[in-house]
């Protein structure tokens with residue numbers, strides 16, 4: 001891991017940008033901590049870290065205020081990383097279907113999501129190796145946000161993930177619903193009931209498939225960007241309960 005910048009934000013937050021090979025990332029930590037700090041990985045859609053930064057830094061501030069470190073990495077094909085022709089084609093196919101008022105087929109969903117999961121999860125795990133090697137950061141580790149299929153795969157294969165708060169805001173391949181049966185960590189799943197870009201029934205099927213003994217679904221009225229503040233507060237309490 002190569003730290004490329006460091007700055008102090010208000011509220012006692014230290015923000016460091018880093019690269020891990022070709023993968024950029026950001027780490028937020030408390031400016032003063034008396035003991036090693038549990039870590040929350042902040043998932044996000046493949047829109048690029050610069051575009052997602054305002055929302056990510058707000059989530060990171062909340063995590064640090066609750067006594068955690070937080071980190072994120074750029075997804076394959078996003079931001080300043082090399083373009084990925086197959087992913088661009090899959091996104092174009094999805095947009096055409098949505099704009100035409102047609103259902104998004106399983107073939108399009110698989111082409112859009114599964115290669116991203118296959119590439120992103122090993123990068124998240126490598127980032128976790130590097131982050132947990134830093135002084136002042138420790139397990140247990142949480143995963144928060146989307147892409148929900150990435151969160152499902154990470155929770156299924158990464159034993160250091162102790163709890164996950166997942167945002168059901170993206171298309172879910174049928175293969176990922178099957179993978180969810182292997183997930184056993186505590187889960188807090190957020191669903192926006194009127195999310196125009198999400199298949200509600202697939203999200204409900206995914207929740208039903210999770211093998212976790214403790215899983216909670218928080219469904220709120222509203223679209224993709226209308227998540228109420230109390231839903232975020234509930235997710236924060238979930239991580240405090242399971243990571244501390």
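The values are calculated or read from the model by the stated rules, or taken from the named source; none is laboratory data. Please read all numbers here as calculations on a predicted model, not as lab measurements. Glycine also receives a Cβ, built like all others from the backbone with ideal geometry; neighbour counts cover every protein chain displayed.
Brief remarks follow.
- Filter result for the condition that a residue is free of Cβ contacts under 8 Å to residues at least 60 places away in the same chain and either surrounded by fewer than 22 Cβ atoms within 10 Å (Cβ to Cβ) or under 27 Å from residue 98 (Cα atoms) (or both), over 176, 189, 172, 183: 189
- Selection over segment 173-195 of residues that are under 18 Å from residue 232 (Cβ atoms) and in contact with a helix residue (DSSP H, G or I) (Cβ under 6 Å, 6 or more places away or on another chain) gives a count of 5.
- Counting the residues of segment 60-71 that are under 17 Å from residue 167 (Cβ atoms) and either surrounded by fewer than 23 Cβ atoms within 10 Å (Cβ to Cβ) or touching a helix residue (DSSP H, G or I) at 6+ places or on another chain (Cβ under 6 Å) (or both) gives 2.
- Whichever residue in segment 19-50 is free of Cβ contacts under 8 Å to residues at least 40 places away in the same chain and touching a strand residue (DSSP E or B) at 6+ places or on another chain (Cβ under 8 Å) and, among such residues, is surrounded by the fewest Cβ atoms within 10 Å (Cβ to Cβ): 31
- Residue check, residue 24 closer than 27 Å to residue 149 by Cα, at pLDDT 95 or above, over 16 Å from the mean Cα position of the chain (by Cα) and in a strand (DSSP E or B): no
- Count - residues of segment 219-239 that are closer than 29 Å to residue 159 by Cα, loosely packed, with under 14 Cβ neighbours inside 10 Å and either touching a residue at least 60 places away in the same chain (Cβ under 8 Å) or touching a strand residue (DSSP E or B) at 6+ places or on another chain (Cβ under 8 Å) (or both): 0
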